[in-house]
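Structure, as structure tokens:
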Amino acid sequence: MARMAGELLKAFRSQATACHKLGSPFTAAVCELLSEHLDESSRFGRRILGWPGDPFADALALRAAGGFHALKRAGRSAQLIATYPPEPLNRVALTAALRDSIAAQDGFLHDWLDSPPQTNEVARSSVLLGGALILAEAFGLPLDWHEIGASMGLNLGFDRYRYEFGTDNWGAGDSPVLVRSEWRGQNPDTAAPVEIRHRAGCDLKPLDPGSPEDRERLLSYIWADQTERLARAGAALEVAAAAPWRVEQADAAAWVARHLAAPPSAGAVRVLAHTVVWQYLPEATRAAITASMEEAGQRATRQAPVAWLRMEADGRDTAAVRLKLWPDGTDHEIARADFHGRFVEWQTR
């Protein structure tokens, strides 16, 4: 019976290593056990072993792990309930639970692979807030905020959360969402006034924070042994469900062209922001977005600046946070960040 090999095996093992580094030994174990034991005896196994795309870019290991977490959260597998957190990790019992769940829920797990993970990691809002503070200090203008790959729009509401940065804090004390993020280096000035004049977001497959089914899908992608992340996301879902905005279903390139390449409106900074999205976009989409931003930048003035804030992978253990500003056209790495926002190392600007 065929088992994982080649790039597919590397993808699952690489994801396991990343999970260990990001503080989730349990999800790492799920990825490792699947890489060792999955075979072609199920539709789920055959689909993974015959995956036609790039297993790294498609986050295949996290798609698979999310399906098992969804079954556990829904109470559809007694074996998973008995082996998932808060129970201690038992690799032998977990192996049996994964095997039995595949046999009992093959169709569900097969179909779960259709969509890429959408964790909409709330702690990445720490990076977005830092960028907003830098822009507020630099220009003294309100912000027209645009986000691609916005999923449920949880990070669209970054200014409605409260933050603890170790020795500093920001935000309303009564917000139900608390983001703890260690800020290091030359921190942005938390006294700079951040005003969001307009906000909008898009996603190819947006989720609705008011939908119980969509909420469960998002929570299933959050790693089962990271209770603080799960609680924070649950609180952010409540805020997003009550918010007046919803994420628009749209192709990112067309959406950016429509929103950012239009003639500027003076009196605000037009911002395009995204976090851990770029790797999932086709090369043609990336090129089109870049062209639209350059076009928008050519029209920018000091009274109508344009900013491109992105937190994306660049092959290192942390994410690169870059900020490009127009009309000057400067583009700098302003920070390195933990992929889940646990810390941000701000750099000299």
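Scanning the stretch 97-117 for residues that are farther than 18 Å from Pro25 by Cα and either among the aliphatic types (A, V, I, L, M) or in contact with a strand residue (DSSP E or B) (Cβ under 8 Å, 6 or more places away or on another chain) (or both) returns Ile102, Ala103, Ala104, Leu109, Leu113. Thr17 meets each of the listed conditions (1) at pLDDT 95 or above; (2) at positive phi apart from (2). Which of the residues spanning the stretch 26-53 are at pLDDT 95 or above and either within 22 Å of Pro212 (Cα to Cα) or within 21 Å of the chain's Cα centre (by Cα) (or both)? Selection gives Phe26, Thr27, Ala28, Val30, Cys31. Of all residues in the stretch 305-341, which are surrounded by fewer than 21 Cβ atoms within 10 Å (Cβ to Cβ) and either touching a Ser or Thr at 6+ places or on another chain (Cβ under 9 Å) or part of a strand (DSSP E or B) (or both)? Hits for the stretch 305-341 are Arg310, Glu312, Ala320, Arg322, Lys324, Pro327, Thr330, Asp331, His332, Glu333, Arg336, Phe339.
Looking across the stretch 181-191, the residues that are surrounded by 16 or more Cβ atoms within 10 Å (Cβ to Cβ) and either of a type outside the set (Gly, Ala, Ser) or modelled with pLDDT under 95 (or both) come down to Trp183, Asn187, Pro188, Thr190. Residue count for the stretch 1-25 satisfying the condition of being over 30 Å from Phe343 (Cβ atoms) and within 23 Å of the chain's Cα centre (by Cα): 1. When the stretch 226-249 is filtered for residues that are surrounded by fewer than 18 Cβ atoms within 10 Å (Cβ to Cβ), within 24 Å of Pro142 (Cβ to Cβ) and either over 18 Å from the mean Cα position of the chain (by Cα) or not charged (D, E, K, R) (or both), the ones remaining, listed by number, are Ala242, Ala243, Pro244, Trp245.
Residues being buried (at least 20 other Cβ atoms within 10 Å of the Cβ), of a type in the set (A, V, I, L, M) and not in a loop (DSSP other than H, G, I, E, B): count how many of those fall in the stretch 100-156. Residues flagged as buried (at least 20 other Cβ atoms within 10 Å of the Cβ), of a type in the set (A, V, I, L, M) and not in a loop (DSSP other than H, G, I, E, B) within the stretch 100-156 amount to 14.
Report whether or not Gly45 is assigned by TED's automatic domain parsing to the domain that holds Phe339, farther than 19 Å from Ala233 by Cβ, surrounded by 21 or more Cβ atoms within 10 Å (Cβ to Cβ) and small (Gly, Ala, Ser).
No, not satisfied.
Is it the case that the stretch 285-293 has a residue that's surrounded by 15 or more Cβ atoms within 10 Å (Cβ to Cβ) and either hydroxyl-bearing (Ser, Thr, Tyr) or part of a loop (DSSP other than H, G, I, E, B) (or both)? Within the stretch 285-293, one or more residues are surrounded by 15 or more Cβ atoms within 10 Å (Cβ to Cβ) and either hydroxyl-bearing (Ser, Thr, Tyr) or part of a loop (DSSP other than H, G, I, E, B) (or both). Suppose we filter the stretch 260-274 for residues that are within 11 Å of Ile289 (Cβ to Cβ), outside any strand (DSSP E or B) and out of contact with any Lys or Arg (no Cβ under 7 Å at 6 or more places or on another chain); how many remain? Adding up the residues that qualify gives 1. Residues that are surrounded by 14 or more Cβ atoms within 10 Å (Cβ to Cβ), assigned by TED's automatic domain parsing to the domain that holds Thr318 and within 21 Å of Leu143 (Cβ to Cβ) are absent from the stretch 209-225 altogether.
The values are calculated or read from the model by the stated rules, or taken from the named source; none is laboratory data. If you're wondering where the values come from, they're calculated on a predicted model, not measured in any experiment. All Cβ positions, even for glycine, are placed from backbone atoms using ideal geometry, and neighbour counts span all protein chains on display.
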